[in-house]
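The next block holds one structure in the form of structure tokens; read it before the comments.
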Amino acid sequence: MRIRTKLSLLTAALIAAVVLALAGTVTVVQRRALQDDCRRRLETLMEGVERIAQESMDRRDRLMLVSYLMVLQKEHPELAAASVTSRGHTSVIGAERPGLLYLARTVSPRRPVTYTVTAYPAGPGPAATVAVSAAGLSLTAAGDATVAVAEPAASESLAVRLGFDNGILDAELARALRPLLRRTLQVAGVFLVLGMLGAASLAKLLTGPLTALSAAVVSVGKGDLGVSVPVSGRDEVGLLAARFNQMTAGLKELMDFREDILHTLTHELNTPLGGLKGYLELWQEKGIPAGKAEQGEVIETMLAAVLRMENSLGSALRLFGPDAAAGSPAARRVVGLHDLFNEVTTLFAPLARSKRIAVVLDTPQGMAYLYAEEEPLRRIVTNLVSNALKYTSSGGAVRLGIEDSAERVAFWVSDTGCGIPAGDLPDLFTKFYRAGSRRAGERIPGSGLGLAIAKKAVDGLGGSIAVTSTPGQGSTFRVTIPKTPHPVGGAA
Ligand SMILES: Nc1ncnc2c1ncn2[C@@H]1O[C@H](COP(=O)(O)OP(=O)(O)O)[C@@H](O)[C@H]1O
Ligand SMILES: [Mg+2]
């Protein structure tokens, strides 16, 4: 069973128990109040009967009480029996039987008690005098008077007993209790439903993040590392969600890093391979050059291309590593930009020749040197020249220039190629971005990586790269590298 179902059931059961217990208590209290009410009503009835009994006793009119009781019995069906007893004689209205609820009263007459005093005179004059004082009543007899006090007449009393039918009383009670019970059940029902809804939403609230996490784990299992789950709060589940997001972000970074290395390696090996392929194709077509000097030159160029591939393999890890932007001070040395330009243009010479593109070195200022790492510089120039040749059609021209100053060296690669639409310029240095892919009908193969790699290398050297382009006329990529070596760790 799912946690959510378990939680819902458990909370619902708890709520049901509490609501039912409350409803039960309310019902018992209501029942007791109704019972008290009924008893009070019977007592009031009895009090009325007692008053009439007293009256009839005082008036010595027993019939008065009996007829009152007969009327009462007609009005109150719960009065099953009534009996009146006086002077040993009992009259019963209805039928007395066991199991009735009996209430009884006895009344005595309210008339004063009369004592008769007789005195027999022993001589002349009044035989006795009666004096009433604060101390009470005193009787003084003269001489040997004989005094006799007659006992008052025997006190009579009247007992009246009412018997109520319990069944009728209970039925009345049940009738009175019914609407109250219904009301209580309605309120209990409403609370029960509200409670269950509350329990269900609470369960959902508690287990929702876990369900999302579980779905996210499945996505990660399928290789989608871009997933993240909403962090619901600062409790344990929220913390778990936050840690999960951190984990996927970390994994994604690692995967991206590895992908970067792979892509860079492929790209970096492909460019010199293209140059080598150009030479091999040329020889296939025209045969190997006869002269020893020409052969040596060609072999030197091919060797440089192979060395470049070897270097690329070695430096690829560093290129996208954590401190790629910092560069390595140990690898810095004096690099002649002209030599670098020559090396790159020689590598691409067969390609330029086959496309009938003129490659011109435009360096009127003479030699320019940089104290920097050579590998990133070569990477920048190679990517820019290969792009210029790639995006320029037959008969065009590619120009390379250098501008030397005290603080920085700038170099540019300019072509008369297809140019780049202004809308593409802001994204040009983003990985996998290909401006050409937007142009309908034009499909020059590529990966969209070269400029991103070049930009990364420029950043590593603390420089900047900029592009100006007119669609249909050509493009110019301009790189500026400062001569003061930037501090290690300070990215451009
Ligand atoms: N010299 C250029 N002339 C015209 N377009 C260019 C030039 N250099 C780069 N681009 C455009 O920039 C995009 C990105 O270049 P790059 O990163 O080298 O990738 P790729 O050459 O593999 O497509 C290219 O697809 C192309 O549209
Ligand atoms: Mg390219």
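The values are calculated or read from the model by the stated rules, or taken from the named source; none is laboratory data. This structure is a prediction, so every number in the text was calculated from the model and none was measured. Neighbour counts are summed over all protein chains in view; Cβ atoms, including those assigned to glycine, are modelled from backbone coordinates with ideal geometry. Accessible surface is based on the protein model in full, side chains and every heavy atom, while ligands, DNA and RNA are left aside. Shrake-Rupley method; radii C 1.70, N 1.55, O 1.52, S 1.80 Å.
Tell me whether segment 169-178 contains one or more residues that are open to solvent by 70 Å² or more (accessible area, probe 1.4 Å) and over 30 Å from SER91 (Cα atoms).
Initially, segment 169-178 is screened for residues open to solvent by 70 Å² or more (accessible area, probe 1.4 Å), giving 170, 175, 178.
Next cut, over 30 Å from SER91 (Cα atoms) only: 175, 178.
Within segment 169-178 (the criterion being open to solvent by 70 Å² or more (accessible area, probe 1.4 Å) and over 30 Å from SER91 (Cα atoms)), the answer is yes, since at least one residue qualifies.
Looking only at segment 267-294, count every residue that is farther than 14 Å from ALA349 by Cβ, open to solvent by 50 Å² or more (accessible area, probe 1.4 Å) and in contact (Cβ under 8 Å) with a residue 24 or more places away in the chain and tell me the total.
Adding up the residues that qualify gives 1.
Could you tell me which numbered condition TYR433 fails, if it satisfies all but one of (1) within 13 Å of ligand 1 (Cβ to nearest atom); (2) modelled with pLDDT of 90 or more?
Only one criterion in (1) within 13 Å of ligand 1 (Cβ to nearest atom); (2) modelled with pLDDT of 90 or more is unmet by TYR433, namely (2).
Where residues in segment 456-492 are charged (D, E, K, R) and modelled with pLDDT under 95, which of them is farthest from ligand 1 (Cβ to nearest atom)?
The initial filter retains those residues of segment 456-492 that are charged (D, E, K, R), namely 456, 459, 478, 483.
Among the residues that remain, those that are also modelled with pLDDT under 95 are: 456, 459, 483.
Numbers: LYS456: 11, ASP459: 15, LYS483: 27 Å.
The selected residue is LYS483.
Residue by residue through segment 436-455, note down the ones that are at pLDDT below 90 and more than 11 Å from ligand 2 (Cβ to nearest atom).
SER437, ARG438, ARG439, ALA440, GLY441, GLU442, ARG443
Which residues, taken from segment 379-403, are more than 15 Å from ligand 1 (Cβ to nearest atom) and either at pLDDT below 90 or among the hydrophobic types (A, V, I, L, M, F, W, C) (or both)?
ILE402
From PHE411, PHE348, which residue is within 16 Å of ligand 2 (Cβ to nearest atom) and of a type in the set (Phe, Trp, Tyr)? Give the steps one after another, and end with the answer.
Numbers: PHE411 fails: within 16 Å of ligand 2 (Cβ to nearest atom).
Within the list PHE411, PHE348, the selection yields PHE348.
Looking at (1) open to solvent by less than 80 Å² (accessible area, probe 1.4 Å); (2) under 15 Å from the mean Cα position of the chain (by Cα); (3) within 17 Å of ILE3 (Cβ to Cβ), which is the one condition that is false for ALA215?
(2)
Would a scan of segment 6-15 turn up a residue that is closer than 26 Å to ILE168 by Cα and open to solvent by less than 70 Å² (accessible area, probe 1.4 Å)? If you could, list the steps in order and put the result at the bottom.
If we filter segment 6-15 for residues that are closer than 26 Å to ILE168 by Cα, which is where we start, we get none.
No, that holds for no residue.
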